[in-house]
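For reference, the structure is listed below as structure tokens.
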Amino acid sequence: MKTYVIGVDYGSDSCRAVLIDATSGEELASEVHWYQRWKKNMYCVPSKNQFRQHPLDHIEGLEHTIKTVVKESNVDPKAVKGICIDTTGSSPIPVNEEGTPLSLLPGFEENPNAMMILWKDHTSIQEANEINELAETWGGENFTKYEGGIYSSEWFWAKILHIIREDEAVKEAAYSWIEHCDYMTFILSDVKDLKSFKRSRCAAGHKAMWHEDWNGLPPETFLEKLDPYLASLRDRLYEDTYTSDEIAGNLNAEWAEKLGLTTETVITVGTFDAHAGAVGAKVDHHALVRVMGTSTCDIMVADPEVIGHHAVRGISGQVNGSVIPGLIGLEAGQSAFGDVLAWFKDVLSWPIENLVLNSSTISDEQKEALKAEIQDNFIKTLADQAAQIPLSESIPVALDWVNGRRTPDANQELKSAMTQLSLGTKAPHIFKALVNAICFGSKKIVERFEEEGVKIESVIGIGGVARKSAFIMQTLANVLNRPIKVAASDQAPALGAAIYAAVASGIYPNVIEASKHLGSPLEAEYFPQPEAIEAYDVLMHKYSDLCEFVEEQTKK
């Protein structure tokens, strides 16, 4: 009998599920669900970097996407052997003792502090700074050393510390906190005791300072110096963590009925989207996998014998088993990638939204048609015109820090900037400068890995940006001065999650073997253009100079 597995991938704007033939790797069905509350910008205040999501968006997406792929594929429910979920992170959620998010309880339904604190929420910059100062000065182990040596406001402890200081009601009601990938897995699993439920190794290691060297999470003696609540919370979290090739439980009866499956389906330990995406792209030694969407995550793996206890400076963590069990997973990334271009699009769209589409001279039908036409062609037209601008022409220099800097050396207080504007600067010039900026930010990450002795032999791009924008990918190849391969799958993270599910359900012996059979093939390769390399090198130096200037001004 044929066997099948399901991978579910949660992004910032939507979630999607894929149902995969576990032998051939064929995708039989896929479905996407867009978060309805998020689309309305509910619970978010961008001006103060507050980004919250209601768990109902994710619960509704879980049911809709899995139910749809099971129905459309028309497979025998008993043949669906495993489900694995990957999500954004760090995106913690406050829960009661039964594991129910506070925002699903009376009195907290509309409270943003009771929601999921999305990865790109930067309201806890001050708390992250406190964690970093304490880690360096308290006289004991520096618990940030395997997370690049700098704790980020995007991560677990900083976010919790901020919320409990801001909202006493949430502090009193939150028995525990759970990462997004663990919560979605917990919903499906038949294991309903929070204390014994298997938590994700990649979430704990990369975002919560969990490490084998100090037998788990930072000790109470450290956490208490930040806030006594964190010390007491530690006992209500977890000791051990687990890799995503392990079983978290079986599908519980309630969700089996909702989804049209059986309780024989196993649910694997949850994971992060970038880690699953790297597996979907067949990550291997010395390969840098760039997951390119609203932000980027840059993933590598290394043998423990090679990297040893060397802590790579300024990245987003190195964790044994976070990507492939038995290997050290290394993570870096940019806080904004596609978001940089989306921001510019929003700026340029102001007169369209506020004047053209509010005009009384055209009908509502014409407005809708015009809106759709602009949406389809906006970025493409900018990219086409930007590509025609010769590098000999005056091009502004921009920074990609519109949402702070993730790596190298996390600093969410940093802002973007732009120089060399003139009366000849047009929208395509600025667009080209922003594309250059996100590629220069990528090069900084590559340089840091190599400075730290992590060898990179190939670069693989996955995600919507990699597949849809030849202009960006060619620019990236020129800036990095190395070929960039592109994975063919539209849903590489969901595919990677399905690969984990295939291992946990016993279809394959390990993740590497499963990825060889089920991972995405490559569909394109971009090569550096010799005539452009020198020009981009000059612009890269100007980018670095601007980085230094803005960082110095920020310190002042």
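The values are calculated or read from the model by the stated rules, or taken from the named source; none is laboratory data. The model shown is predicted, which means the values in this text are computed figures rather than measured ones. Backbone-built Cβ (ideal geometry, glycine too); neighbour counts: all protein chains shown.
Things worth noting here:
- The residues of segment 461-477 that are out of contact with any strand residue (DSSP E or B) (no Cβ under 7 Å at 6 or more places or on another chain) and not hydrophobic (A, V, I, L, M, F, W, C), listed by number, are 464, 468, 469, 475.
- Set 499, 507: member being crowded, with 16+ Cβ neighbours inside 10 Å, outside any helix (DSSP H, G or I) and in the same structural domain as residue 202 (by TED's automatic domain parsing): 507
- Sole residue being over 17 Å from the mean Cα position of the chain (by Cα) and farther than 19 Å from residue 288 by Cβ, chosen from 458, 392, 489, 469: 392
- Any hit, segment 67-76, residues being crowded, with 24+ Cβ neighbours inside 10 Å and within 22 Å of residue 463 (Cβ to Cβ): yes
- Any hit, segment 347-357, residues being out of contact with any Pro (no Cβ under 6 Å at 6 or more places or on another chain), under 27 Å from residue 154 (Cα atoms) and not charged (D, E, K, R): yes
Condition check ((1) under 22 Å from residue 120 (Cβ atoms); (2) in a helix (DSSP H, G or I)) across all residues:
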position	(1), (2)
340	yes, yes
366	no, yes
369	no, yes
381	no, yes
392	no, no
414	yes, no
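- Of all residues in segment 8-36 being of a type in the set (D, E, K, R) and closer than 23 Å to residue 180 by Cβ, the one that is modelled with the lowest pLDDT: 13
- Residue ID - nearest to residue 154 (Cα to Cα), chosen from residues in segment 279-311 that are over 16 Å from the mean Cα position of the chain (by Cα) and not in a loop (DSSP other than H, G, I, E, B): 301
- Residue list for segment 474-495, filter: assigned to a helix (DSSP H, G or I) and more than 18 Å from residue 458 (Cα to Cα): 493, 494, 495
Each row is one residue, and each column tells you yes or no for (1) small (Gly, Ala, Ser); (2) farther than 27 Å from residue 208 by Cα.
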site	(1), (2)
56	no, no
60	no, yes
64	no, yes
70	no, yes
73	yes, yes
102	no, no
126	no, no
135	yes, no
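- Pairs where the first residue, in segment 488-508, is within 10 Å of residue 244 (Cα to Cα) and the second is polar (S, T, N, Q) and surrounded by 24 or more Cβ atoms within 10 Å (Cβ to Cβ), C-beta under 7 Å, 6+ apart: 497/271; 499/515; 500/244; 500/268; 500/271; 501/268; 504/268
- Put simply, of 141, 109 the only residue that is assigned by TED's automatic domain parsing to the domain that holds residue 181, without any contact (Cβ under 8 Å) to a residue 40 or more places away in the chain and not in a helix (DSSP H, G or I) is 109.
- For segment 422-453, a residue qualifies if it is closer than 14 Å to residue 344 by Cβ and outside any helix (DSSP H, G or I), and the qualifying residues are 425, 426.
- Assessment of segment 123-134 against the conditions (in the same structural domain as residue 156 (by TED's automatic domain parsing) and not in a helix (DSSP H, G or I)) yields at least one matching residue.
- Taken together, the residues in segment 40-69 that are modelled with pLDDT of 95 or more, assigned to a helix (DSSP H, G or I) and either under 22 Å from residue 498 (Cα atoms) or not hydrophobic (A, V, I, L, M, F, W, C) (or both) amount to 14.
- In segment 316-329, the qualifying residues are those that are more than 14 Å from the chain's Cα centre (by Cα) and of a type in the set (A, V, I, L, M), and the one that is farthest from residue 435 (Cα to Cα) is 327.
- Test for residue 522: is it in contact (Cβ under 8 Å) with a residue 24 or more places away in the chain, surrounded by fewer than 19 Cβ atoms within 10 Å (Cβ to Cβ) and not charged (D, E, K, R): yes
- All conditions but one from (1) more than 18 Å from residue 424 (Cα to Cα); (2) surrounded by 14 or more Cβ atoms within 10 Å (Cβ to Cβ); (3) of a type in the set (A, V, I, L, M) apply to residue 369; the one that does not is (2).
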